[in-house]
Amino acid sequence: MEEIAFYTLAGAPKSPRDLIDEVRMGEDLGFGSVFISERFNVKEACTLSGAVGAVSEKLGIATAATNHNTRHPLVTASYAMTMHRLTGGRFSLGLGRGMGPKFDGMGLKRITTAQIEDFVGVMRRLWRGEGIIGHDGPCGKYPRLALGAQFDEHIPMTFTAFGPNSLALGGRAFDAVVLHTFFTEETTRRCVRLVKEAAEKAGRDPDHVKVWSCFAVVGDHLPEEIRLKKMVGRLATYLQAYGDLMVETNNWDPGVLKRFREDDFVRNFRGAIDGLATTEELEHVGTLIPDEWLADAATGSPEQCVDAINGQFDMGCDGVIMHGASPTDLEPVVRAYAAQRDASGFTHMTANPGGVA
């Protein structure tokens, strides 16, 4: 089922070795792809990608996302080519803009749209076997870059996009775009339209640029405290990190965000709420977040979750990443989805999450 995917090591895993069982179970359940998020602890993307490639046979694999400025371009190009050859073409290199304050702390410059677009061009040329001499562009100055003239490959690239500039960049330069969790229906439809229109303006076939919904799937078969963490805790963490962008994108009431930030518990909490808050603390946070902000997710029975997932396809998304849960958590939903799936609607999807059928 190439149109559905999951994130491995969702949240804060106890061990990266959990990936092995997750990937094997995800493949057995029929997921089409697995996405890999990166955190600078035990979730380094290159290592995890190789592990997924080693223990899977059919799953598409995408980083969603790593950042272009944390590795030398030749290292990144080699990583992607290695994964491409290791997996028989199942790999998509996925990039994201990242968070400015994080880069400030690391001593790195904040990422710009121009840098990403320039970097994409460099990757495409290297994978085609070109030697690049004296590159001087937004992504940096490089005297000589080359993988070797023997290469002539197209490795799909995926972009995790949020704002209009990023969505347009995804449409004109990437093979697939991953949206954000807790997008409203209006926001999702608008984002799909922006990506497809940007592709068309760039002279590309908009059907060849896949849009993936990143959709929270938190069914009632999970314990209540887990549901609270995956819904309230997760959205609260997003509001901690980039609440203004979430509110602006979804056209939510900024007064609610102001009250959330001014709450004594939230203001004094150190760390990510979804990772560190207790159940009682999450219950308090839940009183600060309106129900309608949490409504755009798959909840309820497995069948109700499937209805919500199908709604994402109705909004124009090509694929759905069942976000924030492991394959074990998602098993009853995936089985319910498979029982009603109409394969004729997904003939454009491939084993590579950014590939073209």
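The values are calculated or read from the model by the stated rules, or taken from the named source; none is laboratory data. This structure is a prediction, so every number in the text was calculated from the model and none was measured. With ideal geometry, Cβ positions are generated from the backbone for all residues, glycine too; neighbour counts draw on all protein chains shown.
For this structure, a couple of remarks:
- Single condition Asp314 does not satisfy, out of (1) within 24 Å of Ala62 (Cα to Cα); (2) at pLDDT below 95: (2)
- Under the condition of being closer than 19 Å to His68 by Cβ, part of a loop (DSSP other than H, G, I, E, B) and of a type in the set (S, T, N, Q), the residues counted in the range 135-161 number 0.
- Flag: Val356 does not match the condition of being among the β-branched types (Val, Ile, Thr) and either in a helix (DSSP H, G or I) or in contact with an Asp or Glu (Cβ under 6 Å, 6 or more places away or on another chain) (or both).
- Of the residues Ala295, Ala277, Ala272, the single one that is under 21 Å from Leu239 (Cα atoms) and either of a type in the set (S, T, N, Q) or surrounded by 22 or more Cβ atoms within 10 Å (Cβ to Cβ) (or both) is Ala277.
- Only one of the listed residues (Val23, Val34) is buried (at least 22 other Cβ atoms within 10 Å of the Cβ), closer than 21 Å to Ala161 by Cα and in contact with a Ser or Thr (Cβ under 6 Å, 6 or more places away or on another chain). That residue is Val34.
- Looking only at the range 336-353, and only at residues there that are assigned to a loop (DSSP other than H, G, I, E, B) and among the aliphatic types (A, V, I, L, M), the one that is surrounded by the most Cβ atoms within 10 Å (Cβ to Cβ): Met349
- Complete set of residues in the range 183-206 that are over 18 Å from Ile321 (Cα atoms) and not charged (D, E, K, R): Leu194, Ala198, Ala199, Ala202, Gly203, Pro206
The rows are residues; the columns are (1) part of a helix (DSSP H, G or I); (2) aliphatic (A, V, I, L, M); (3) outside the structural domain of His154 (by TED's automatic domain parsing).
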position: Val177; (1), (2), (3): no, yes, no
position: Val192; (1), (2), (3): yes, yes, no
position: Asp207; (1), (2), (3): yes, no, no
position: Lys229; (1), (2), (3): yes, no, yes
position: Val232; (1), (2), (3): yes, yes, yes
position: Glu248; (1), (2), (3): yes, no, yes
position: Val256; (1), (2), (3): yes, yes, yes
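- Qualifying residue in the range 336-351 (condition: modelled with pLDDT of 95 or more, closer than 22 Å to Asp18 by Cβ and touching a helix residue (DSSP H, G or I) at 6+ places or on another chain (Cβ under 8 Å)): no
- Test result for Gly311, small (Gly, Ala, Ser), buried (at least 21 other Cβ atoms within 10 Å of the Cβ) and on the phi < 0 side of the Ramachandran plot: no
- Of everything in the range 18-61 that is in a loop (DSSP other than H, G, I, E, B) and charged (D, E, K, R), the residue that is farthest from Arg335 (Cα to Cα) is Glu44.
- When Ser15 is tested against (1) assigned to a loop (DSSP other than H, G, I, E, B); (2) in contact with a strand residue (DSSP E or B) (Cβ under 8 Å, 6 or more places away or on another chain); (3) among the hydroxyl-bearing types (Ser, Thr, Tyr), only condition (2) is not met.
- Among residues of the range 278-327, those that are over 23 Å from Leu257 (Cα atoms), among the charged types (D, E, K, R) and assigned to a helix (DSSP H, G or I), counted: 3
- Qualifying residue in the range 103-122 (condition: surrounded by 16 or more Cβ atoms within 10 Å (Cβ to Cβ), in contact with an Asp or Glu (Cβ under 6 Å, 6 or more places away or on another chain), assigned by TED's automatic domain parsing to the domain that holds Gly171 and not in a loop (DSSP other than H, G, I, E, B)): no
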